Amino acid sequence: MIKMTLGRRTFVFFNTIFMLLMIVITLYPMLHVLFASVSSPSLLISYRGIMLKPLGFSTEAYKAVVQNPMIGIGYQNTLFVLFGGLIINITMTSLGAYFLSRQNVLWKNTIMGLIVFTMFFSGGLIPFYLTVKSLNLDNTLFALFVPTAINTYNLIIMRTSLQSIPLELEESAKIDGAGHMRILLQIVLPLSMPIIAVMVLYYGVGHWNAWFNAMIFLRNRELFPLQLILREILIFNNTNDMMVGTNTGAGDVEMISETIKYAVIIVSTLPILMLYPFLQRFFVKGVMIGALKG
Amino acid sequence: MGDTLSIMLTNMLPKATAATKQSKRNRIIKDFKLNKSLYLLVLPVLLYYFIFCYGPMYGAVIAFKNFKPALGILGSPWVGLKYFKEFFSSMYLTRIVGNTLTISFASLLFGFPVPIIFALLLNEIKSKRFSRITQIITYLPHFISLVVICSLIRTFVASNGIIVYLLSLFGINPTNLLGVESAFVPIYVISGIWQEFGWGSIIYLSALTAIDLSLYEAATIDGAGRWKQTIYITLPSIAPTIMIMLILRMGGLMNVGYEKIILLYSSAIYKTADVISTYVYRKGLLEFNWSFSTAVGLFNSVVNFLLLISANLLSKKLSEYSLW
């Protein structure tokens, strides 16, 4: 029992305040964006300071965003990369993790060493770019998930998790005449659903948020994933696509531009924000597994 | 007796090495027969690493050649250390290496302790519910995409943005902070802390839960207050975790997150914002100086690797903690 001295009480008080402050600091930026996205453009542009609620109300920005064809295209491409990518990620990572978690395999440690080495040393951006280009993957969506098929850190996490599956199961299956493929598919994977869920989430978030490889490999705008479209809008202030169809005068363009940006942020981050509360438990598990044993 | 023994031994010795060679080969064959399906199974994985990780490592050889895409890697002529010399005598050398180190060390100095302190403080919260809620909320920024984060930054430090507004209350003139050279590093580091302090604390929190509670009980009996307990029990217990995380961090010292910088910088603030990785990106992919930028990138990778090894060695010598 900790003595509740005055000092201790003060500490607990300030600690609680501190945590509340952290919560506010974390949440406020997103709240600000949310409020701004439904604010009236003319009120927003002249306002300075902290927003505690929307200024006026207007869904004009969202209308413009939803009507923008590029947003839809961006979503489409990202979803393609997401699903295609996940299939490759999970398959490859599972194969690798299974191999690295077996016993009595002569070359296992050498291969492990070679794989881990890639975490600490790489050829560099340019050779990587040239490699992908030489395989004719550039300017295709495949460049977004084939060259990054395996994340070594995730591989290690999954290997650690597979190592905790009892050896007896593998051995009794071997006695029954099962080959490694069957053992993997019918015993190991079904038992590893939690860690596979973690892998899906880790790789999934990676695909959703990725933009750099898309930027360097894609020239065809129709192939741009969501984040790249966002970059155009948010970083380059390019809201031209969305102006078409709205009745805006010259001065209004700048104003509605602002609210459109906020609306775009909400629209693109919404999936993550909605799924997050339910999935964060799995994320944490993944880090724990990796941390405790890796 | 001694003679026969020594004759026997000298006759046996060459046979012994031959025998071990033979048995090693036998082991390899035996292992292959036993694990053939396993090796077949992992082949795609090996192919992936070979093509996309070791392939580029081989490709880095163009740093020593005058690479022309039309001639390919093998056809391009050797130029030795020409591009390395060019880089080391470049007028931008001090700028970009300096910025890389500044940003890295600032991130390390200010960013590294924050998740640890946060974890320690969070650990002191008695209400599990409150602790849980705080954790869930503070993990969130980690999952927001960099593009969105950078656009948030841009909005907040624009001349009509919140941060600038708050600063103006302290007498600082409102201006777009992303055009101010001296503001870049603080913006970069602070936003990095904001995004990662919650998620980064997970590892330390899990290490804290692994500490044996009886240690604390014994300390309380001995009359140690919470503060002393933290110094003498908590910190030493999570020291291994801290050391490992620190070593890993050192290995990435020169790899300053270029994605974020590219999204935030502009030629106006190259003086403090341009780092090795962004320089490599511009020279290589925007100006097509293939060999030159590969040379710079190779320099970066090698220095990183050496830093990692020395951090690990240092840690081994000074404490018992190391990566290998």
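How big is D for segment A:184-224, in µm² s⁻¹ as a whole number, if Stokes-Einstein is applied with the Kirkwood radius of its Cα pairs at 10 °C and 1.306 mPa s? Rounded to a whole number, D works out at 127 µm²/s. Translational diffusion of segment B:173-256, estimated by Stokes-Einstein from the Kirkwood radius over alpha carbon pairs at 25 °C in a medium of 0.890 mPa s, is 153 µm² per second. Among B:224, B:273, B:207, the largest mean-square fluctuation in a Gaussian network model of chain B (Cα springs under 10 Å) belongs to B:224.
Counting Lys and Arg as +1 and Asp and Glu as -1 over every other residue whose Cβ lies under 13 Å from the Cβ of residue B:218, the net charge comes to -2.
Backbone geometry of segment A:36-45 corresponds, through the Karplus equation with coefficients 6.51, -1.76 and 1.60 at θ = phi - 60°, to 3J(HN,Hα) couplings of 5, 5, 10, 7, 6, x, 5, 5, 5, 5 Hz, x marking Gly and Pro. Here's how it looks for residue B:65: its modeled amide H is under 5 Å from those of B:79, which are all 5 or more places away or on a different chain.
Sequence-ordered 3J(HN,Hα) estimates for segment B:148-157 from the Karplus curve with 6.51, -1.76 and 1.60 and θ = phi - 60° stand at 5, 4, 5, 6, 4, 4, 4, 5, 6, 9 Hz, glycine and proline given as x. Computed over chain A with a Gaussian network model linking Cα atoms closer than 10 Å, the most mobile of A:187, A:157, A:175 is A:175. Cα extents for chain A along the principal axes, largest to smallest and rounded to whole angstrom: 77, 69, 35. Derived from the Cα gyration tensor, the three semi-axes of the equivalent ellipsoid of segment A:63-146 are 35, 18, 10 Å, largest first. Ordering of B:69-77, B:32-40 by packing is B:32-40, B:69-77, highest average first (other Cβ atoms within 10 Å, averaged per residue). Annotation: peptides A:31-41, B:78-88, B:20-30, ranked by per-residue average of other Cβ atoms within 10 Å with the highest first, follow the order A:31-41, B:78-88, B:20-30.
Given the pairs B:271/B:316; A:108/A:174; A:133/B:85; A:285/B:260; B:82/B:271, which are separated by over 31 angstrom at their Cα positions?
On the way: B:271/B:316 37 Å; A:108/A:174 19 Å; A:133/B:85 28 Å; A:285/B:260 27 Å; B:82/B:271 25 Å.
Those over the limit are B:271/B:316.
Of A:64, A:40, A:19, whose Cα points farthest to the positive end of the dipole of chain A (charges on the beta-carbon: +1 Lys, Arg; -1 Asp, Glu; origin at the Cα centre)? Looking along the dipole axis, the top candidate is A:19. Each other residue within a Cβ distance under 13 Å of residue A:267 adds +1 if Lys or Arg and -1 if Asp or Glu, for a net charge of +2. Report the percentage of all Cα-Cα pairs in segment B:120-261 whose separation exceeds 18 Å, rounded to a whole percent. The proportion of pairs with Cα distances above 18 Å equals 69 percent. Taking only alpha carbon atoms, segment B:41-128 gives an Rg to Rh ratio of 1.26, where Rh is the Kirkwood radius. Calculated over the protein assembly as shown, the projected area of the Cα convex hull averaged across directions stands at 39.4 nm². Sequence-ordered 3J(HN,Hα) estimates for segment B:196-212 from the Karplus curve with 6.51, -1.76 and 1.60 and θ = phi - 60° stand at 10, 5, x, 4, x, 7, 4, 4, 6, 4, 5, 5, 5, 6, 7, 6, 5 Hz, glycine and proline given as x.
For segment A:173-227, trypsin sites (Lys or Arg not before Pro) meeting the loop criterion (DSSP other than H, G, I, E, B) and having at most 11 other Cβ atoms within 10 Å: A:219. Assuming charge only on the beta carbon of Lys and Arg (+1) and of Asp and Glu (-1), the dipole of chain B about its Cα centre is about 1000 debye to the nearest 20. Taking a straight Cα-Cα cut-off under 28 Å and skipping sequence neighbours fewer than 8 places away in the same chain, the lysines within cross-link reach of residue B:317 are A:293, B:228.
With Cα atoms as the point set, segment A:23-65 shows a radius of gyration and Dmax of 10.7, 32 Å. Bridging of residue A:63 to lysines at a Cα separation below 27 Å is possible for A:53, A:261, once same-chain residues fewer than 8 apart are set aside. Among A:276, A:203, a tally of other beta-carbon atoms within 10 Å of each Cβ gives an order, fewest to most, of A:276, A:203.
GNM remark for chain A: springs join alpha carbons under 10 Å apart, and the peak mean-square fluctuation among A:42, A:268, A:257 falls on A:42. Over every Cα atom in chain B, the radius of gyration and the widest Cα-Cα span, Dmax, amount to 27.8, 100 Å. Across chain B, the relative contact order, built from alpha-carbon pairs under 8 Å that are at least six residues apart, equals 23 percent. Among residues other than residue B:233 with Cβ under 14 Å from its Cβ, the summed charge is -2 (Lys and Arg +1, Asp and Glu -1). The mean number of partner chain beta-carbon atoms within 10 angstrom of a residue's beta-carbon across peptide B:135-141 is 6. Considering only the Cα atoms of segment B:23-174, their convex hull presents on average a projected area of 20.9 nm².
Scan segment A:53-98 for chymotrypsin sites (Phe, Trp or Tyr not before Pro) in coil per DSSP, keeping those whose Cβ has at most 11 other Cβ atoms within 10 Å, and list them by number. If you can, show how the numbers build up before the last one.
Numbers: sites: A:57, A:62, A:75, A:80, A:83, A:98; in loops: A:57.
Answer by residue number: A:57.
Read-outs: derived from the displayed coordinates by stated rules, not from any lab. Predicted, not measured: the structure shown is a model, and the values here were computed from it. Cβ: placed from backbone, ideal geometry, glycine included. Neighbour counts: every protein chain shown.
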